[in-house]
Amino acid sequence: MSYADLSVVNCDRKVLLEKIGLAVKLGYEVIAIDIVHTPMKNVTKKKKKQKESSSQSTDGMVKACSLKLTEEELKNLQVDSKRIKILSRVTLNVTDSEQLQHLMLPEIQEFDIVAVRPTSSEIFVKAAKYTNLDIIQLEMEKSIKIITPGGLSEGMQKGIHFEIQYSPAIRDSSVKRYLISNSQLLASFSKSKNIIISSGSERAIEQRGPHDVANLGLLFGLNEAQAKNAVTRSCRSVLLHAEERRALKAAVALSSGDLPDDQKWVKDKLSEIHSEESTEGSSPKKRKVE
C-alpha cells in the first residue's frame, strides 16, 4: 500500500521541489501540492469558456495546471513519474458560509483534490453537506471546538475524509496540546473512521516519514492499524472519491454538451461502447431471420 502526504503547501518553486524531493526519499509515493486560498465572499459568475491562458484566476488563485512538474524537474529530483504520483490540491479557507459556493466553480473542480478548512462549527456542518468536496481540514491547533457529531456523520456518509495536519505543532510547540486533544476528540466522535494525517508542511524541515506519522496517530487516539491507514488506505479512499467527483462532473458536462476539449474522449468512448452494444444486440436477430 502506497504512503501518501496529501498536503505539501505550495510555495517558492525551489523550496517546493526540495519538499517533494525529501518526501520521496522519506518513502511517500503519493504527494499533493496544496494551494491554500481564501475566496471572496461574493461569488461572481464565470464565463463558460475563457480565452485567457493566465496561470492565475481573476481573484488571484493559482490554477491547477500550473502545479504540474516538468519533465526536467522530475529528472532533477530523480523521481520516477510512473511510480510517484504528484497531485494538485486546493484548500479553501472559509470564514463565511457564503464562500462555500466557490466549490461549484470550474476553477476549483479542476484540482485533483478539493478541500475546505472551516473556521466555525456552523461552517463545518454546512461544508459536510457538499458532495463535490473530498477533504475537510480541521483547525486543530486552537482551543475552538469546531467538530460536531452531526457534521461528522453527514460528511462520512458522503465519503468526505477529515484531515489532521501535524506541522503546526512542529512550527509552534505551544499548539501541541490543542492538536492532540482535538485529534482525540475527532477520533472519538468518528470512531476513528475517515481520518487522514498530512504534513501541511511549509518547509522541508517540518516533514516526517510515514512510519513516524503513523506513530503520531497513536497520540491522536488511533490504534496501530488505524494510524497506518491514515497515511495509506484512507488516503487512497480520498483519491477514489475525487475520481468519482470528476467523473460525475464530466457526465454532467457531457449531458449538457459543455464538455471541455481535454475530456472529449469521454464522449467518443461512450459512443464507441454504445455502437458495440447495438451491434451485439442486433446480431442474434439477424441469425434468427436467416
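The values are calculated or read from the model by the stated rules, or taken from the named source; none is laboratory data. Because the structure is predicted, anything quoted here is derived from the model rather than measured. Note that we place each Cβ from the backbone using ideal geometry, even for glycine, and neighbour counts take in every protein chain shown. Heads up: the accessible areas ignore ligands, DNA and RNA and are worked out on the full protein's heavy atoms, side chains in. Shrake-Rupley method; radii C 1.70, N 1.55, O 1.52, S 1.80 Å.
Can you report the number of residues in segment 90-109 which are in contact with a Ser or Thr (Cβ under 7 Å, 6 or more places away or on another chain) and of a type outside the set (Val, Ile, Thr)?
Restricting attention to segment 90-109, the residues satisfying the condition of being in contact with a Ser or Thr (Cβ under 7 Å, 6 or more places away or on another chain) are 93-95, 107.
Pick out the ones that are also of a type outside the set (Val, Ile, Thr) and you get 93, 107.
Result for segment 90-109: 2.
What are the residues in segment 21-50 that are farther than 17 Å from Ala64 by Cα, open to solvent by less than 10 Å² (accessible area, probe 1.4 Å) and either modelled with pLDDT under 95 or assigned to a loop (DSSP other than H, G, I, E, B) (or both), if any?
If the condition is that a residue be farther than 17 Å from Ala64 by Cα, open to solvent by less than 10 Å² (accessible area, probe 1.4 Å) and either modelled with pLDDT under 95 or assigned to a loop (DSSP other than H, G, I, E, B) (or both), then Tyr28 is the only one that fits.
Pairs please, first residue from segment 217-242 and open to solvent by 50 Å² or more (accessible area, probe 1.4 Å), second anywhere and outside any helix (DSSP H, G or I) and among the hydrophobic types (A, V, I, L, M, F, W, C), Cβ atoms under 7 Å, 6+ apart in sequence or on different chains.
Arg233/Met1
Taking segment 134-144 as the region of interest, how many residues are touching a helix residue (DSSP H, G or I) at 6+ places or on another chain (Cβ under 7 Å) and at pLDDT below 95?
Here is the first cut: in segment 134-144, the ones touching a helix residue (DSSP H, G or I) at 6+ places or on another chain (Cβ under 7 Å) are 134-136, 138, 140-143.
Still in the running and at pLDDT below 95: 138, 140-143.
Count: 5.
Of all residues in segment 178-200, which are more than 19 Å from Arg117 (Cα to Cα) and out of contact with any helix residue (DSSP H, G or I) (no Cβ under 9 Å at 6 or more places or on another chain)?
Ser188, Lys191
Considering segment 169-198 alone, what residues qualify as being open to solvent by 10 Å² or more (accessible area, probe 1.4 Å) and under 19 Å from the mean Cα position of the chain (by Cα)?
The answer is Lys193, Asn194.
Would you confirm whether any residue within segment 142-149 is open to solvent by less than 50 Å² (accessible area, probe 1.4 Å) and not in a loop (DSSP other than H, G, I, E, B)? Don't jump to the end; show me each part of the working.
Our first condition is that a residue be open to solvent by less than 50 Å² (accessible area, probe 1.4 Å); within segment 142-149, this holds for 146-148.
Then keep just the ones that are not in a loop (DSSP other than H, G, I, E, B); that gives none.
No: segment 142-149 contains no residue that is open to solvent by less than 50 Å² (accessible area, probe 1.4 Å) and not in a loop (DSSP other than H, G, I, E, B).
Counting just the residues of segment 84-132 that are part of a loop (DSSP other than H, G, I, E, B) and either of a type in the set (A, V, I, L, M, F, W, C) or at pLDDT 95 or above (or both), which one comes out most open to solvent (accessible area, probe 1.4 Å)? Spell out the reasoning first.
The first filter runs over segment 84-132 and keeps only residues part of a loop (DSSP other than H, G, I, E, B), leaving 84, 95-96, 105, 110-112, 119-120, 128-132.
Subset that is either of a type in the set (A, V, I, L, M, F, W, C) or at pLDDT 95 or above (or both): 84, 105, 111-112, 128.
Details: Ile84: 9, Leu105: 25, Phe111: 0, Asp112: 44, Ala128: 0 Å².
It comes out as Asp112.
So which of Ala242, Ala253 ends up being among the small types (Gly, Ala, Ser) and at pLDDT below 85?
Details: Ala242 fails: at pLDDT below 85.
After applying the criteria, what remains is Ala253.
Could you please find all residues in segment 1-10 being surrounded by 17 or more Cβ atoms within 10 Å (Cβ to Cβ), over 12 Å from the mean Cα position of the chain (by Cα) and hydrophobic (A, V, I, L, M, F, W, C)? It would help to see each step written out before you state the result.
Of segment 1-10, the ones surrounded by 17 or more Cβ atoms within 10 Å (Cβ to Cβ) are 2-10.
If we keep only those that are over 12 Å from the mean Cα position of the chain (by Cα) as well, we get 2-3, 9-10.
Within segment 1-10, Val9 is the sole residue that qualifies.
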